[in-house]
Amino acid sequence: MYSYIKGELVEILDDVIVVEAGQIGYNIHIPASMIDNFTGTGQEVKIYTYLQVKEDDMQLYGFLTRDDLNIFKLLLGVNGIGPKGALAVLSVMTPDDLRFAVLGEDAKSIAKAPGIGNKTAQRVILELKDKISLEDAFEAKTVHVAEGQSVTSSVKNEAVQALTALGYSSSEALKAVSGVELTEDITVEEVLKEALKQMAFL
């Protein structure tokens with residue numbers, strides 16, 4: 001029904017924002033991580049929305065990018081995950097982090113989301129791994145890095161690509177690189193060295 005809502009941000013709560021557009025105030029549920037992107041009330045925002053309609057209720061869920069919205073919809077398609085669960089995952093992980101967690105079968109990272117246990121995290125991986133490709137993950141990450149997002153994620157991507165070029169499978173490479181603790185000044189070479197140590201124990 002709504003593709004996006006553009007208007008003035010008039011209220012910020014724990015997991016809900018109120019956006020006024022056309023003299024109507026919209027209550028929009030958001031992932032907790034999204035709040036850090038707002039400088040305060042009074043600013044104009046553009047929120048991509050998903051409308052959930054139940055017999056006795058209607059709820060709007062909102063995101064800053066269409067990519068976030070698309071990942072939210074993918075999560076809703078997982079058996080046992082509703083809007084609250086999907087928001088919980090996106091509160092602790094970016095869409096890029098989730099893609100790499102699914103491809104690398106990193107259930108531990110997904111299970112960090114409130115209310116998402118290990119079994120549900122495993123189900124997310126099982127049901128989404130055929131809907132997310134390594135190429136799509138790298139393409140999305142490249143776009144986000146170009147937009148000024150995490151440098152460490154870019155280093156992580158390059159390390160995974162280097163390992164796959166050496167003959168390791170995408171899954172092996174992702175698991176190894178995911179096990180490396182990344183810092184803002186870490187180099188691709190340092191990530192590779194640590195990842196190869198991880199490989200020895202896989």
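Values as computed for the structure displayed
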quantity	calculated
Qualifying position, being closer than 20 Å to residue 74 by Cβ and either surrounded by fewer than 21 Cβ atoms within 10 Å (Cβ to Cβ) or at pLDDT below 75 (or both), among 147, 190, 135	135
Candidate set: the range 6-50, residues that are open to solvent by less than 40 Å² (accessible area, probe 1.4 Å) and at pLDDT below 90; chosen: the one nearest to the chain's Cα centre (by Cα)	34
Filter pass, residue 61 being modelled with pLDDT of 95 or more, surrounded by 11 or more Cβ atoms within 10 Å (Cβ to Cβ) and in contact with a helix residue (DSSP H, G or I) (Cβ under 9 Å, 6 or more places away or on another chain)	yes
Residue in the range 112-129 that is under 30 Å from residue 181 (Cα atoms), part of a helix (DSSP H, G or I), out of contact with any Ser or Thr (no Cβ under 8 Å at 6 or more places or on another chain) and of a type in the set (Asp, Glu) present	yes
Test: residue in the range 164-184 that is at pLDDT below 80, under 16 Å from residue 95 (Cβ atoms), part of a loop (DSSP other than H, G, I, E, B) and acidic (Asp, Glu)	no
Scope the range 104-127; condition surrounded by 18 or more Cβ atoms within 10 Å (Cβ to Cβ) and among the basic types (Lys, Arg); matching residues	123
Tally, over the range 88-98, of residues that are open to solvent by 20 Å² or more (accessible area, probe 1.4 Å) and not acidic (Asp, Glu)	3
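The values are calculated or read from the model by the stated rules, or taken from the named source; none is laboratory data. Keep in mind it's a predicted model, so treat the numbers as computed, not measured. Here the Cβ is made from the backbone with ideal geometry for all residues, glycine too, and neighbour counts use every protein chain on show. Heads up: the accessible areas ignore ligands, DNA and RNA and are worked out on the full protein's heavy atoms, side chains in. Shrake-Rupley method; radii C 1.70, N 1.55, O 1.52, S 1.80 Å.
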